[in-house]
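Just so you know, all these numbers are worked out from the coordinates, no wet-lab data involved. Small disclaimer: the values here were computed from a predicted structure and weren't measured. Cβ coordinates were reconstructed from backbone atoms using ideal geometry, including for glycine residues, and neighbour counts include every protein chain displayed.
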Amino acid sequence: MPHNHAGCQSPRDYFTEQLLTILVCGGLGFVAVQLYMNDMLKHILAPQFHLPVLIGGIGVFVLVALRALSVWREAGELVPAGDPNDPTCQENHVHSVACDHLPGMPGAPNTDENLVDDHGHSHDMSWVFARMLILVFPIALFALGIPNAGLSEDAQRKALGTDVALDPAALEKLADESPIVEETTEPNGDIVRVRQSGKGKFRDVIEKKTGKRKVSAISEGGTEMRFNDLTEAAFDEGKRASLQGKTAIMEGRFQPLGTGKDFTLFRQKMTCCGADMVPLKVRIIAPQSVSDLRYFQWVRIKGVVQFIKAPGSDRYIPVVVLQDNGDIIKIDNKDIKNEYEF
């Protein structure tokens, strides 16, 4: 049943509750708008949900303004009736017609008969402050700069798991499947063969002094590729055939494997929100050992796409083979276009 709180409830407590609610709700609306304006929503929500958050924040502002106007007018109309020291009208008592209430409460002049019954609940301010404490939590997080880049390094390590190093001869096997299109002998006696097929173009070198074989990919041109495209292609023969041998340009975080020449490049995929994030990984093979990169470092790479069977499995994994270690470029965090892939 509808009731008015401006009677036996202390006007001080009533307006304190209303003003606190208006303040906190206004803060929530402000945070929603700021998250959108500062592009912080990308850390917790997929792009299709960003605009609804902005609209919701503006909607909260409108409701807060309307409620603030209503409370302001209500405060202006507040005129106590009867003796304010009347002991028959105390806070949180059971309402009766003996009370000398303000208009709209039991026993007051011109009282609506629908408002005569006691509304039977307490106006203890401790519950108000407890409620405000919960509502202010998102505002406090925003003040601390959260959400931000999101997951900690330890959390990402756990999500990535442990990758098994590739067979050192895996790249040589790929080159062997490609016919020789050019062969030359260097002044130092090294034999250099260029191999090319639908699997790409390779530089196959046999060193005269050591007899060692060094195979690297020859990248040409380059196209920006998404991690998700390569991950999906690993499970689809047709997609593997369409991407294999192409030169890819990708940006992601560096995860060392301890083998020196191969490492994992990864970034997080967000479908809806932060709770459904999963890591997308691509294996990178460099011609020389990589030792100047730290874990979690953002890098940009350019190399040839290959699909190689994972050790001890029939499952293919996407691999990008670099022509030179110079194709690994460090990126400053502030220059990252987007932390996540959607």
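Listed values, structure above:
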| item | result |
| --- | --- |
| Cleavage-rule hits (chymotrypsin sites (Phe, Trp or Tyr not before Pro)) in the range 210-297: DSSP loop, at most 16 neighbouring Cβ within 10 angstrom | Phe235, Tyr295, Phe296 |
| Protection proxy ranking of 206-215, 171-180 - average other beta-carbon atoms within 10 Å, highest first | 171-180, 206-215 |
